[in-house]
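> Questions regarding the structure given below will be posed in turn.
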Amino acid sequence: MDKQFYLVPKTHEERNRLRRLIKNFVDVHSLVPPLSLEELSYLSDNIIREHLLDEAWKAWLMVEIHNSTWQDVVAAIPYEKRI
């Protein structure tokens with residue numbers, strides 16, 4: 001059985017560029033949490049295809065999409081009440 005490895009974009013600048021792209025994507029599509037793994041997979045495939053990104057980044061993109069959808073929810077919780 002082959003293991004599939006997923007990559008993280010190498011540079012800080014590239015990761016931040018992709019995070020901005022993801023934030024815009026989440027806002028444009030009005031995505032709200034929670035999202036299923038199937039939805040995250042589908043959405044990351046769309047971003048990869050639309051922006052001609054490396055498919056090895058798929059898992060990283062899924063995590064970043066998930067994080068982006070939850071960002072406003074977490075930000076609304078006072079810092080001292082977060083776990």
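> I'd like the carbon and sulfur percentage of the solvent accessible area for the chain, probe radius 1.4 Å, heavy atoms only, ligands and nucleic acids excluded.
On the way: 3630 of 6340 Å².
Percent of accessible area from carbon and sulfur atoms in the chain: 57.
> Take a quick pass over the chain and tell me how many lysine pairs come in under 27 angstrom between Cα atoms, counting only ones 8 or more apart or on separate chains.
Details: LYS3/LYS58; LYS10/LYS23; LYS10/LYS58; LYS23/LYS58; LYS23/LYS81.
Here the count comes out as 5.
> Using only Cα atoms and rounding to the nearest 10 degrees, what angle (0 to 90) does helix 37-51 make with the longest principal axis of the chain?
Approximately 60 degrees, to the nearest 10.
> Continuing with this model, one more query. If you take the beta carbon distance between SER41 and ALA75 as r and set R0 to 22 Å, what does 1/(1 + (r/R0)^6) give as a FRET efficiency, to the nearest 0.05? Walk me through the numbers on the way to the answer.
Values: r = 26 Å, r/R0 = 1.17.
Between SER41 and ALA75 the formula returns 0.30.
> Which of rounded, prolate or oblate describes segment 1-43 when judged by the alpha-carbon gyration tensor and an a/c cut-off of 1.5?
Oblate is the answer for segment 1-43, as a/c is 1.5 or above yet b/c matches or exceeds a/b.
> Note the listed values (i) -0.87, -1.19, -1.23, -1.22; (ii) -0.61, -0.99, -1.07, -1.39; (iii) -0.72, -1.07, -1.14, -1.39, then indicate which one is log10 I(q)/I(0) by the Debye sum over Cα atoms at q = 0.17, 0.22, 0.23, 0.27 Å⁻¹ calculated from this particular structure.
(iii)
The values are calculated or read from the model by the stated rules, or taken from the named source; none is laboratory data. All of these numbers come straight from a predicted model, not from anything done at the bench. Every residue, glycine as well, gets a Cβ built from its backbone with ideal geometry; the counts of neighbours run over all protein chains shown. With ligands, DNA and RNA removed, areas are computed over all heavy atoms of the protein, side chains included. Shrake-Rupley method; radii C 1.70, N 1.55, O 1.52, S 1.80 Å.
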